[in-house]
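FYI, it's all coordinate maths here, none of it is from the lab. If you're wondering where the values come from, they're calculated on a predicted model, not measured in any experiment. Counting neighbours? That spans all protein chains shown, and the Cβs are built from the backbone with ideal geometry, glycine included.
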Amino acid sequence: MFSRWLPGLNRGLATPTGRIAQLVGRSLSRSLQLSSRWSVPELSSFVARTNTCGELRSSHLGQEVTLCGWIQYRRQNIFLVLRDFQGLVQVLIPQDECSLLGKLRLECADLLEARGVLLRDPALFSFLWVVDFPLFLPKEEKPGELESAHHPFTAPHPSDIHLLHTEPEKVRSQHYDLVLNGSEVGGGSIRIHDAQLQRYILETLLKEDVKLLSHLLQALDYGAPPHGGIALGLDRLVCLVTGAPSIRDVIAFPKSFRGQDLMSDAPDFIPPEDLKPYHIQVSWPTDAETEKNSLNPPHHPES
C-alpha cells in the first residue's frame, strides 16, 4: 500500500534536491524514536522537526529527535528508511508507534487529495476480512500470565487446538473483523461449544474461578451446537456508504460532546411523581453530607 501513495507524496510536496547523505548505522537507529506529537494538517507541519534525516550523526546517539519525511523503504513495521530533502536515515519503529504511522499515512493522503492527486476512489467500496487473531495475549501487569485477546469464549482455530497444552500463546482464534475502506464496520467470533474445552481455558490457562460460570458450563454440557456471531456498526457503515464527513451526521440521536441527547435532554432530572409508578426513589446527599465525605474519605482496611 505504501508504494501506491508515496510516489504521489513525493510529487505533491516538492522535488528532492538529489543530495543523499550516507545511511546512518543500525546502532544509531535503535536509539531514535519517532515523536508521537506529529500533526500534519498542512505542509508547514513537515518542517516542525529537530533534525533532518541527512544531518544525523553518531553524536546524536541516545538523543530523542523528531524527524519528518516520507518512507523510502520499510520492513514489516520493524524499521523503515525515512527520506527527506537532506538524506536518508534508518529508524527502528516501536510497536506502539504503528498506529501513529497509520494516522500519518491518512494525513498525507488528505494533503495530496487537497492538491488534486486522486488516491482514493469515492465510488469504490473495498471490503476486507481480518482473521487469525491470537487467542491469548500476555497480561500487561503479569507478562507470565495470559488473558483473552477478544473474550474468553472465543473458539481456538481448529488447526491450533493441539497447541493449547504446549504453546497456548501461539494459538490463533476464530475471531474476525470486517473492514470497509480502512474502517472497521463489524466484528465477532465463533464461540466455544465444548464444555471441557471451555473449562480448560477458563480454569487452567486464564486462572479464572469457574464457579462463577458454572451455569454456562452446565448449558454446554447439555449439548450446544457450533455457534458464533457478528456485531455490525451500522452507523459507521452508513457513514462510509453515503460519504458523510462525520459519523455524527448519520446517527439518529447523536450525543453532544458532553454526552447529552439534544432531542430528549437526557441525562436530566426526573421529578418524583414520574419515578413513583416504577417504585424508584432517588436520595440526593445534602450539602453538609457532601462536604463531610470530601473531608473524610472512606477508609478501606487492608485485607
Be a star and scan region 167-194 for residues whose amide nitrogen sits under 14 Å from the point 7 Å along the Cα-to-Cβ vector of Leu232.
-> 178-180, 185-188
Here FRET efficiency (C-beta to C-beta, Asp274 to Ile251, R₀ 22 Å, nearest 0.05) is 0.25
Given unit charges at Cβ for Lys, Arg (+) and Asp, Glu (-), the dipole magnitude of region 127-236 about its Cα centre in debye, nearest 20, is 160 debye
Which whole-number percent gives the relative contact order of region 127-236, counting Cα pairs below 8 Å spaced six or more residues apart?
-> 26 percent
Would you please put 190-201, 269-280, 127-138, 211-222 in order of how densely packed they are, using the mean number of other Cβ atoms within 10 angstrom per residue and starting with the highest?
-> 190-201, 127-138, 211-222, 269-280
Listed here are the pairs Lys211/Lys276; Lys142/Lys255; Lys142/Lys211; which of them are more than 27 Å apart at the Cα?
-> Lys211/Lys276; Lys142/Lys255
Cα centroid separation, region 184-208 to region 242-289 (Å) | 36 Å
Expressed as a whole percent, how much of the Cα-Cα distance distribution for region 84-235 exceeds 28 Å?
-> 41 percent
